[in-house]
Amino acid sequence: MPKKFTFRGGVHPNHCKSQTERLAIETFPAPPIAVIPLSQHIGAPAKALVQKGERVLLGQMIGEPDGNVSAAMHSSVSGTVLSVKPFAHPSGRLVTAIEIENDGADEPEPFEPIGQSWRDLSSGELIQKIAACGVVGMGGASFPTHVKLSPPSSKPIDTLLINGAECEPYLTNDSRVMIERTDDILTGVQILKKILGAKNVYFGIENNKQDAINAIYDRVTGSRFNDIALAVLKSKYPQGSEKMLITAITKRKVPSGGLPMDIGCVVQNATTALAVYEAVMYGVPLYRRVITVTGAGVRSPKNLLVRIGTPVRSILEACGADIAAAKKVVMGGPMMGIALSDLDVPIIKHTSGLLALDQATDAVRKYPCISCGMCVSSCPTRLVPSKIAKFVEKENFDEAVKWNLMDCVECGSCVYTCPAKINLVHFFKVGKMRVRAAGAAQK
Ligand code: SF4
Ligand code: SF4
């Protein structure tokens, strides 16, 4: 087995994965009504292609990308469009969405499979297929994958890293996909490798996921996947953050304010590689995904294959969640996920999990800072979180930027270790938003 890789800083929260790590993926029924938001990614919302009363097919493109950084949307059911109007979104905003009444027939759009002949396609043709299928990063950031696979020619990529770290507590959706769809993911990785022309390919998995490590190890040693190297990572949060993954495996550092492509790297999540496989081999768009449903408030935790657009409430209820008793329902992991105030929002492309938790941790400030320095030692990007938060609180954004506010990856490690329970990430999110807004206003 390969040596274990790691990075400086970070924290060791309880894994809390035992409830679901051995549970095979089950298919959740399609919803009677699917609500597909036109914004499920970083960048401009998609433009609606359908109107009220129109019939749509399963997998039909119902929203086209609007601009260079945008993504296509597809129907997750066959049926009739009920409305195109603003709906509650997991982010807490109102976002235009397409509401579709499911006719229960699952009549599919005629997909265009190309199977093994993907090897004969050019990078540009492969990228076009990925874009047409609306693939975005499924590990949380939801950046359109076709854009990430198109770095400028001045930034050649020699290293592709596949992120199977799944360092957020509770979540086991990526692990189950790695175990149950191993060959499909690895084929997706080979497609990504061909597109980027990358010489080196590393598949990073944390050492607390032995079943996933075994599954990948068995296939990358002495098989048609032996151009992919397994990199076992020490289990530590936020090992799955792009910058940490790159540093741990390659020892390269993304420069302050820079991107992985500046140092010849591209990172893709393991489940995104599966979506790339389905898009290229079978022409199947991203209309479903695997999520973990767990937490102290869930009676029957599960890993579920769900349609995009399924209401959160229906999934929690089906898993026996005591919604009234839960102190907090989170979409995603407990460190970086979004606390939901409305449970009728839909599952979107980057929903990795639903957690019903019995502890609320939303307070912005609980006690005064005692200058203990714990946040400094836990920060994987070597920031001074206490200082930056104070500058943001005083609205001194120039100083906050000088102390590298914009390099914060919002991982929450500082909050996890802070004995005063100060929600530092809240200050960083607000600070970054204000700095970006000021920059946009100047332009
Ligand atoms: S300052 Fe940002 S990057 Fe550093 S630990 Fe806190 S949230 Fe993570
Ligand atoms: S960990 Fe909390 S209390 Fe300690 S220095 Fe950082 S912000 Fe202050």
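The values are calculated or read from the model by the stated rules, or taken from the named source; none is laboratory data. Not measured: the values here are computed from a predicted model. FYI the Cβ positions are ideal-geometry reconstructions off the backbone, even for glycines, and counts take in every protein chain you see. Surface accessibility is based on the protein's heavy atoms, side chains included, excluding ligands, DNA and RNA. Shrake-Rupley method; radii C 1.70, N 1.55, O 1.52, S 1.80 Å.
Looking at the structure I just gave you, is residue 365 out of contact with any helix residue (DSSP H, G or I) (no Cβ under 7 Å at 6 or more places or on another chain) and at pLDDT below 95? Reasoning before the result, please.
Working: out of contact with any helix residue (DSSP H, G or I) (no Cβ under 7 Å at 6 or more places or on another chain): yes; at pLDDT below 95: yes.
Answer is yes for this residue.
Per-residue answers, yes or no, for (1) open to solvent by 40 Å² or more (accessible area, probe 1.4 Å); (2) within 16 Å of ligand 1 (Cβ to nearest atom); (3) not assigned by TED's automatic domain parsing to the domain that holds residue 195:
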| site | (1), (2), (3) |
| --- | --- |
| 228 | no, no, no |
| 235 | no, no, no |
| 243 | yes, yes, no |
| 248 | no, yes, no |
| 251 | yes, no, no |
| 257 | yes, yes, no |
| 287 | no, no, yes |
| 319 | no, no, yes |
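Here are some residues: 295, 204, 264. Which one is farther than 27 Å from residue 13 by Cα and not β-branched (Val, Ile, Thr)? Can you show your working first?
Details: 295 fails: farther than 27 Å from residue 13 by Cα; 204 fails: farther than 27 Å from residue 13 by Cα.
Of the residues listed, the single one that is farther than 27 Å from residue 13 by Cα and not β-branched (Val, Ile, Thr) is 264.
Selection of helices (runs of 4 or more DSSP H) fully inside the stretch 95-204 by the criterion of at least 3 residues being within 18 Å of residue 72 (Cβ to Cβ) returns 123-132, 145-148.
The set of residues from the stretch 276-305 being closer than 17 Å to residue 25 by Cα, touching an Asp or Glu at 6+ places or on another chain (Cβ under 7 Å) and in a loop (DSSP other than H, G, I, E, B) is empty.
May I ask you to list the residues in the stretch 17-44 that are in contact with a strand residue (DSSP E or B) (Cβ under 8 Å, 6 or more places away or on another chain), within 30 Å of residue 246 (Cβ to Cβ) and open to solvent by 20 Å² or more (accessible area, probe 1.4 Å)?
Going residue by residue through the stretch 17-44, those that are in contact with a strand residue (DSSP E or B) (Cβ under 8 Å, 6 or more places away or on another chain) are 19-20, 23-28, 30-44.
Filter once more, so that each one left must be within 30 Å of residue 246 (Cβ to Cβ): 20, 25, 39-44.
Passing the criteria: 25, 42, 43, 44.
Taken over the stretch 188-205, the residue count meeting the criterion of being open to solvent by 20 Å² or more (accessible area, probe 1.4 Å) and closer than 18 Å to residue 166 by Cα is 1. Of everything listed in (1) surrounded by 24 or more Cβ atoms within 10 Å (Cβ to Cβ); (2) part of a loop (DSSP other than H, G, I, E, B); (3) of a type in the set (Ser, Thr, Tyr), the single unmet condition for residue 223 is (1). The one condition from (1) open to solvent by 40 Å² or more (accessible area, probe 1.4 Å); (2) basic (Lys, Arg); (3) within 16 Å of the chain's Cα centre (by Cα) that residue 327 does not meet is (3).
Return yes when residue 405 is of a type in the set (A, V, I, L, M), buried (at least 18 other Cβ atoms within 10 Å of the Cβ), within 16 Å of ligand 2 (Cβ to nearest atom) and over 22 Å from residue 14 (Cα atoms) and no when it is not.
Numbers: of a type in the set (A, V, I, L, M): yes; buried (at least 18 other Cβ atoms within 10 Å of the Cβ): yes; within 16 Å of ligand 2 (Cβ to nearest atom): yes; over 22 Å from residue 14 (Cα atoms): yes.
The answer is yes for residue 405.
Checked against the criterion of being of a type outside the set (D, E, K, R), within 22 Å of residue 131 (Cα to Cα) and open to solvent by 50 Å² or more (accessible area, probe 1.4 Å), the stretch 206-217 contains not a single residue that satisfies it.
Tell me, please, whether a residue that is closer than 21 Å to residue 35 by Cβ, of a type in the set (Asp, Glu) and outside any strand (DSSP E or B) can be found in the stretch 313-320.
yes
Pairs meeting the criteria (first residue in the stretch 320-345 and within 19 Å of residue 414 (Cβ to Cβ), second residue open to solvent by 60 Å² or more (accessible area, probe 1.4 Å), beta carbons under 8 Å, at least 6 apart or on different chains) are 330/338; 332/338; 335/416; 338/92; 339/362. Pairs meeting the criteria (first residue in the stretch 97-126 and modelled with pLDDT of 95 or more, second residue open to solvent by 40 Å² or more (accessible area, probe 1.4 Å) and of a type in the set (Ser, Thr, Tyr), beta carbons under 6 Å, at least 6 apart or on different chains) are 101/80.
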